[in-house]
Amino acid sequence: MKRVVLDGISKSFARGGGAKAKVFDSLSLELGDDEFTSLIGPNGSGKTTLLNIIASVTRPDSGTVEIRTQHRGAPHIGFVWQDYRASLLPWYSVAENIAFPLRISGQGRQERKKRAESLLRMFTGDVRAEQRISELSGGQQQLVNVLRSFIDDPDVLLMDEPFSALDQQRRWTLALYVQKAWLAAPKPVLFVSHDIDEGVLLADKILLLSARQGKIQRTLHNPLPRPRTIAMLTAAEHLACRKAVIEFLADEGLVQGKD
Amino acid sequence: MRPLIRYGLRLVGPALLLYLWQVAYDWNLLNRSLLPSPADTALRLWQLIYTGDIGPDLAATLVRMLAGFMSASVIGMVLGLVIGGVRPLYQALEFTIDFFRSLPVTTLYPLFVLFFGIGHASKIAMVFVASVFVVTLNSAYGVVNAGAVRTQMARLYGATATQRFRWITFYDALPQSLIGMRVALSYSLIVEIVAEMFMGSQVGLGQRVFEAYSRYAIDDLYAIILITGVMGYLLNRLFVLVERRLVDWGPR
């Protein structure tokens, strides 16, 4: 059985004048145990809403979300927000931010510091555990966000366009950090991206979410070996996936300049 | 800019003012019985401080004012955090609090005298009322405008309402609460001085100003005004220092 299963999800939002906008119409999807899945779709196709439904921030009108947890009690969910500044706690140190989920579950200060520091050391020597958030660059702040999402051994990891506020170079650095963290502790990931290359390169499976149909229209597979590298952006398999994504987006009316 | 030059530039304003004062006195531009010379004022100022004459008044004003201000800050912040955290409560009370914040507390002067008499309690109560609403409103406002993503984040990682409040909402609302307190600090000094003048008082800077005015002791009047001004200035500076210690994150 898959770790995360969504079945028959429907969701509408109220529009002005009593009208309703249908976002999902009986959408179903599964995330495999150690599978990195990207979700690509035009604006307004409800990518963020879908993440929020999985995280039970938003309730679907109908349908079920099942997350098989390895922990006692409620499933642990890791989440990386696009707006890293708004989701960090600037009044705490880097270590306290990374270990915040542990603080919530009642772990002691020493334990939190130790876990945050060991995670931090895996990735970068530039960021010190006792630093303030305001002293970090945007990329470093988002790294703190990413590490926080990993620290509590989540059953599923949800990433909502995590790098779109960063410049190209930082974006790739972070993308490879995410891959590294994930390879060290594999778990189902649903990664929403606006950037086609990024979404394809990181993923085993690429879900194409149609705004018109309100469901997953197509699933692509990226068979390239791990770890993925920037050089693979020009591999035939990558380009084939990329082509399929672009054709899908064109079909959705994105390339007509409506975006 | 070099520090020396920067500090030097700061003295330009006071020096200019002093110069104009001297010129106005020398050329008799203003009635000399209304404007003493800077030298006479300085001498009186020095006497007031050196003899310790002004000490009890300074202390009395400071203590009463701070008693009112600090209790208003603590109670106002707690009230604001609670009101801001419970949305229906905020909607129910916002208008009322805004009304009392907008009502000049000096209008209530007779009521304070009737309820509390003319002693310390009455003045402290007046300072308290002048300050508490602006702190409450700003704290509540800070909570209402606290980052929604942060709260969502904490909720997602399983934080209880108490944890969210202690680790997120409190800090998120702190800068706005402090803005309220800074305004309240200015109100406090104004109201304390005015209360001393009108309620009458044994000691206090406001009382001394009024007393100097009644005796027509113009040197005293100017000297005490200067002392009060310096005290207000130092209080504000001190508050900014505390504020920077408390809110030591992010861009200011």
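Across peptide A:69-77, the average count of Cβ atoms from other chains found within 10 Å of a residue's Cβ is 1. Counting only heavy atoms of the protein chains and using a 1.4 Å probe, B:M70 has close to 110 Å² of accessible surface.
Please work out the FRET efficiency for the pair B:A15 and B:L103, using the Cβ-Cβ distance as r and a Förster radius of 35 Å; give the result to the nearest 0.05. Calculated value: 0.30. Per-peptide packing, taken as the mean over residues of other Cβ atoms within 10 Å, places B:21-31, A:66-76 in the sequence A:66-76, B:21-31 from highest down.
Oblate is the label for the stretch A:45-202, because a/c, from the alpha-carbon gyration tensor with a ≥ b ≥ c as root eigenvalues, is 1.5 or above and a/b does not exceed b/c. Dipole size of the stretch B:98-252 about its Cα centre, with +1 on Lys/Arg Cβ and -1 on Asp/Glu Cβ: approximately 680 debye, rounded to the nearest 20.
The heavy atoms of B:T169 present about 20 square angstrom of accessible area, all protein chains included, probe 1.4 Å. The residues of the stretch B:150-168 occluded by other protein chains by 50 Å² or more of accessible area, set against the chain on its own, are B:R150, B:Q152, B:M153, B:L156, B:Y157, B:W167; surface from heavy atoms, 1.4 Å probe.
Take the convex hull of the alpha carbons in the protein assembly as shown; its mean projected area over all directions comes to 34.3 nm².
Each Lys or Arg adds one and each Asp or Glu takes one away; over the other residues whose Cβ falls under 13 Å from the Cβ of A:L208, this sums to +4. Per-residue Karplus couplings for the stretch B:48-54, computed as 6.51 cos²θ - 1.76 cosθ + 1.60 with θ equal to phi - 60°, are listed in order as 4, 7, 5, 7, x, 4, 8 Hz, Gly and Pro entered as x.
Under a Cβ-Cβ cut-off of 14 Å, what is the net charge of the residues other than B:S73 that fall near it, where Lys and Arg count +1 and Asp and Glu count -1? With Lys, Arg at +1 and Asp, Glu at -1, the neighbours total 0.
Sketch the reach of a paramagnetic label on B:F116 as a point 7 Å from Cα along Cα-to-Cβ, and name the residues of the stretch B:197-213 whose backbone nitrogen lies under 18 Å away. So the set is B:197-207. Tally up the carbon and sulfur contribution to the accessible surface of the stretch B:180-226 as a whole percent, 1.4 Å probe, everything protein left in place. Answer for the stretch B:180-226: carbon and sulfur cover 67 percent of the accessible area.
Chain A against chain B buries an accessible area of about 1900 Å², both chains summed, 1.4 Å probe radius. A 1.4 Å probe run over the protein chains yields, for the protein assembly as shown, 50 Å² of accessible area per residue, whole-number rounding. Across the accessible surface of the stretch A:132-259, with the other protein chains kept in place and a 1.4 Å probe, carbon and sulfur atoms take up 53 percent. Projection of the Cα convex hull of the stretch B:57-169, averaged over all directions and equal to a quarter of that hull's surface, yields 8.5 nm². Here each label is just a point 7 Å from Cα along the line to Cβ, and for B:L4 and A:A185 those points are 5.7 nm apart.
Convex hull volume of the Cα atoms of the stretch B:113-225, normalised per residue: 115 Å³. Mean-square fluctuations from a GNM of chain A, with a 10 angstrom spring cutoff on Cα atoms, peak among A:T219, A:T173, A:T234 at A:T234. Under a 5 Å amide H cut-off, with hydrogens placed 1.01 Å from N, A:F24 pairs with A:K11 among residues at least 5 apart or on other chains. Going from the chain on its own to the full set of protein chains, the stretch A:106-134 has these residues losing 30 Å² or more of accessible surface (heavy atoms, 1.4 Å probe, no ligands, DNA or RNA): A:R132, A:S134. A probe of 1.4 angstrom, applied to the heavy atoms of all protein chains, finds B:R10 with accessible area near 150 square angstrom.
Dividing the summed -39500 (n - 2.57) terms of all DSSP H runs of n ≥ 4 by the residue count of chain A sets its mean residue ellipticity at 222 nm at -10500 deg cm²/dmol.
Among the listed pairs A:K22/A:K187; A:K11/A:K205; A:K22/A:K243; A:K215/A:K243, those with a Cα-Cα distance over 26 Å are A:K22/A:K187; A:K22/A:K243. Taking the 1.4 Å solvent-accessible surface of the stretch B:41-82 as the whole, the part contributed by carbon and sulfur is 82%. A:K2: which aspartates and glutamates have alpha carbons under 13 Å from its alpha carbon, excluding same-chain residues fewer than 8 sequence positions away? The qualifying aspartates and glutamates are A:E30, A:D33, A:D34, A:E35, A:E66, A:D155. Note: relative contact order over the stretch B:119-196, using C-alpha pairs below 8 Å and six or more positions apart, is 55 percent. Adding -39500 (n - 2.57) for every DSSP H run of four residues or longer, then dividing by how many residues chain B holds, sets the calculated 222 nm ellipticity at -26500 deg cm²/dmol.
The values are calculated or read from the model by the stated rules, or taken from the named source; none is laboratory data. Quick caveat, the model's predicted, so the values are computed rather than measured. As a convention, Cβ positions derive from the backbone with ideal geometry for all residues, glycine included, and neighbour counts pool all protein chains shown. Areas reflect the complete protein model, heavy atoms only, side chains present, ligands, DNA and RNA absent. Shrake-Rupley method; radii C 1.70, N 1.55, O 1.52, S 1.80 Å.
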